[in-house]
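Have a look at the structure below before the remarks.
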Amino acid sequence: MSRSRVLVIGSSNTDLIVQSERLPRPGQTVMADTFSTLPGGKGANQAVAASRAGADVSFVARIGADAFGLQALCCLEAEGIDTTFVLRDPDLPSGIASILVDGRGENVIAVVPGANAALSPVQIDAAASLFERVSICLLQLETPLPTVLHAAGLAKEHGVPVILNPAPGRELPPQLLSGLFLLTPNETETEILTGILPDTEKTARRAANILMDRGVRNVIITLGARGALVATVRETVIVPAPTVDARDTTGAGDAFNGALAAALGQSRPLADAVAFANCAGALAVTRVGAQSALPRETRIRALMDPQPQ
Ligand code: RIB
């Protein structure tokens, strides 16, 4: 099977991660365990996830002309990702995310977007030639919405299917959803988009139907350890995820979306691509950090198709 060619447009951050057995309540100070500075950002994480899952990846983003930005760029290049259209903004700092992770692997995240907020439709136009060479385009919402809309429009003009991972969650304009190839909200994002928390299969099906009624062609609602609900015009099914010990859930959604894009870019069937992506997401939570925890294709396949002992 030929390698898929994935275009990721989105954010790059540096993650400032504190691990602490307990998360502080407002006004409380807790003594924490470890601190790490690691590359992150939903766009960059998904680019790395797709690359490690076996795709050729081009990434379009905006970073600052500072040490964090340079380090982020070096990490992307070390992965073999095409960064021709990652611009270094002379005036703005690189994006950062302040992340607290507790003893159960749950996190809270606050992002300061910096240069990500200046990723503009003009910069997407400058990279338009990329749409001629890719099989799929992956977008998220850590960059300005007009830029996401513009990128989705250019993808449509070039006949490139778009996966929109609507993270962080927010309401979306009808023109972005109408005709969209694939939307991949998690539970929280689904509730923001539909008003329905998909805490049961029945509510997840209802939420997916609402999104399809708005013109989305395929919906995948990621349900954490329960796997993912996959809704198409033909059927709606739950694809279960393997059980793992979670150390840090940061970047699990990015692992899922990047691996999904890599698999769909190879024209693999949706249910097979989701099973592959579920394994990528599961492996990502077994290690600390976002990009540092993203699995390679061989590990994903080994979890998906365990060899008989
Ligand atoms: O999805 C995880 C990412 O969200 C982190 O890497 C952080 O940078 C925030 O963007």
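The values are calculated or read from the model by the stated rules, or taken from the named source; none is laboratory data. Only a predicted model underlies this, so the values are computations on that prediction, with no experimental measurement involved. As a convention, Cβ positions derive from the backbone with ideal geometry for all residues, glycine included, and neighbour counts pool all protein chains shown. Keep in mind that these areas ignore ligands, DNA and RNA; they rest on the heavy atoms of the full protein, side chains included. Shrake-Rupley method; radii C 1.70, N 1.55, O 1.52, S 1.80 Å.
Among the residues of the range 67-109, those identified as within 18 Å of L16 (Cα to Cα) and more than 16 Å from the ligand (Cβ to nearest atom) are A67, L70, C74, G103.
Evaluating K202 against the criteria (1) surrounded by 16 or more Cβ atoms within 10 Å (Cβ to Cβ); (2) free of Cβ contacts under 8 Å to residues at least 40 places away in the same chain; (3) not in a loop (DSSP other than H, G, I, E, B) leaves one unmet condition, (1). Search the range 18-44 for residues that are without any contact (Cβ under 8 Å) to a residue 24 or more places away in the chain and of a type in the set (V, I, T) and pair each with any residue that is away from the ligand (no atom under 12 Å from the Cβ) and part of a loop (DSSP other than H, G, I, E, B) when their beta-carbon atoms are under 6 Å apart and the residues are at least 6 apart or on different chains. Short answer, once both residue conditions are applied: V30/S20; V30/R22; V30/P24. Residue pairs whose Cβ atoms lie under 6 Å apart, sitting 6 or more positions apart in sequence or on different chains, and linking a residue in the range 90-106 that is part of a loop (DSSP other than H, G, I, E, B) to a partner that is surrounded by fewer than 21 Cβ atoms within 10 Å (Cβ to Cβ) and among the hydroxyl-bearing types (S, T, Y), are G105/T249. Return a yes/no flag: does the range 125-137 have any residue that is under 18 Å from the mean Cα position of the chain (by Cα), within 16 Å of the ligand (Cβ to nearest atom) and of a type in the set (A, V, I, L, M). No. Restricting attention to the range 27-46, the residues that are touching a strand residue (DSSP E or B) at 6+ places or on another chain (Cβ under 7 Å) and either within 15 Å of the ligand (Cβ to nearest atom) or basic (K, R) (or both) total 9. Of the residues making up the range 143-164, just one is touching a strand residue (DSSP E or B) at 6+ places or on another chain (Cβ under 7 Å), part of a loop (DSSP other than H, G, I, E, B) and open to solvent by less than 30 Å² (accessible area, probe 1.4 Å), namely V160.
Pairs are defined by a Cβ separation below 7 Å, a sequence spacing of at least 6 or placement on different chains, a first member in the range 131-149 that is farther than 14 Å from G253 by Cα, and a second member that is open to solvent by less than 10 Å² (accessible area, probe 1.4 Å) and at pLDDT below 95; the pairs so defined are S135/S4; I136/S4.
In the range 205-264, counting only strands (runs of 3 or more DSSP E) that sit wholly within it, the ones holding 3 or more residues that are open to solvent by 20 Å² or more (accessible area, probe 1.4 Å) span 236-239.
Going residue by residue through the range 194-201, is there one that turns out to be under 24 Å from G153 (Cα atoms), under 19 Å from the mean Cα position of the chain (by Cα) and modelled with pLDDT of 95 or more? The answer is no, given that none of the residues of the range 194-201 is under 24 Å from G153 (Cα atoms), under 19 Å from the mean Cα position of the chain (by Cα) and modelled with pLDDT of 95 or more.
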